Amino acid sequence: MEKFQILRTTAIPLPIENIDTDQIIPARFLKATSREGFGENLFRDWRYTSEGTPKADFALNNARYGGQILLAGKNFGCGSSREHAAWALYDAGFKAVISSYFADIFRGNALNTGLLPLQVSDEVLQRLLDQVEQNPQTELVVNLPEQTLTVPAWGESIHFDLDPYKKECLINGYDDIDFLVNQKEAIAAYETTRAWAY
């Protein structure tokens, strides 16, 4: 995974609640086993007509918006547990999704993929959506080591919670196996002090 420390970017607003994983990546596109290539079908049924023409009124097709953060409505990633939903968002270039609530399984899949599910209050989410819709050039700054989301236009920073283990993995670009491999010396040292019983 790529290391994630400080992200400065604009955002794309998608103010729809209860976005489920079948809308994020429809089941008919789940045939591949590697993580690459899912981004082109992200929100496929919302982004394109049945003929494959982009829908001009969908946020990801709107030239006003861009960036590596998706601002999504409450209860993002509900529905089935497919990890492909996180893969599709990451493959499409998103580094973070901001919402006021995430489905637990999606949250875990996102963190395992290198995608930050950043949870804020309902009030802050609405302020962010309003801000970005009014000014698409609004910059957001995610500082993962400090666990802050800063909106320079507001002159304020918002703290967000994150599991310490997953934070360390994101900062260092580790998946679970990478984390264990990087603990090899500590594990070996511990094993020399452990009493063996046969």
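No value in this document is a laboratory result; all are computed from the given coordinates. Nothing here was measured: the structure is a model prediction, and the numbers come from that model. Glycine also receives a Cβ, built like all others from the backbone with ideal geometry; neighbour counts cover every protein chain displayed.
Once a ≥ b ≥ c are taken as the square roots of the eigenvalues of the Cα gyration tensor of segment 45-150, is the result rounded (a/c under 1.5), prolate (a/b larger than b/c) or oblate (a/b not larger than b/c)? Please list the in-between numbers first.
Numbers: a/c = 1.69, a/b = 1.11, b/c = 1.52.
Note, shape of segment 45-150 comes out oblate.
Remark: the chain carries a charge dipole of roughly 300 debye about the Cα centre, counting +1 on each Lys and Arg Cβ and -1 on each Asp and Glu Cβ.
So if I place +1 on the C-beta of Lys and Arg and -1 on the C-beta of Asp and Glu, and nothing else carries charge, what would the dipole magnitude of segment 12-79 be about its Cα centre? I want it in debye, nearest 20. Write out the running numbers ahead of the final one.
Working: 8 positive and 8 negative charges, 22 e Å.
Using Cβ point charges on Lys, Arg, Asp and Glu, segment 12-79 gives about 100 debye.
Applying both filters, DSSP loop and at most 11 other Cβ atoms within 10 Å, to the trypsin sites (Lys or Arg not before Pro) of segment 149-198 gives Arg194. Cross-link partners for Lys167 among the lysines, with Cα-Cα distance under 24 Å and sequence neighbours closer than 8 places in the same chain left out: Lys3, Lys74, Lys95, Lys184. Would you list, by chain and number, the aspartates and glutamates whose Cα falls below 20 Å from the Cα of Lys31, excluding same-chain residues fewer than 8 positions away? By straight Cα distance, Lys31 reaches Asp20, Asp22, Glu40, Asp45, Glu83, Asp91. Here, the chain yields an orientationally averaged convex hull projection of 13.9 nm² when only Cα atoms define the hull.
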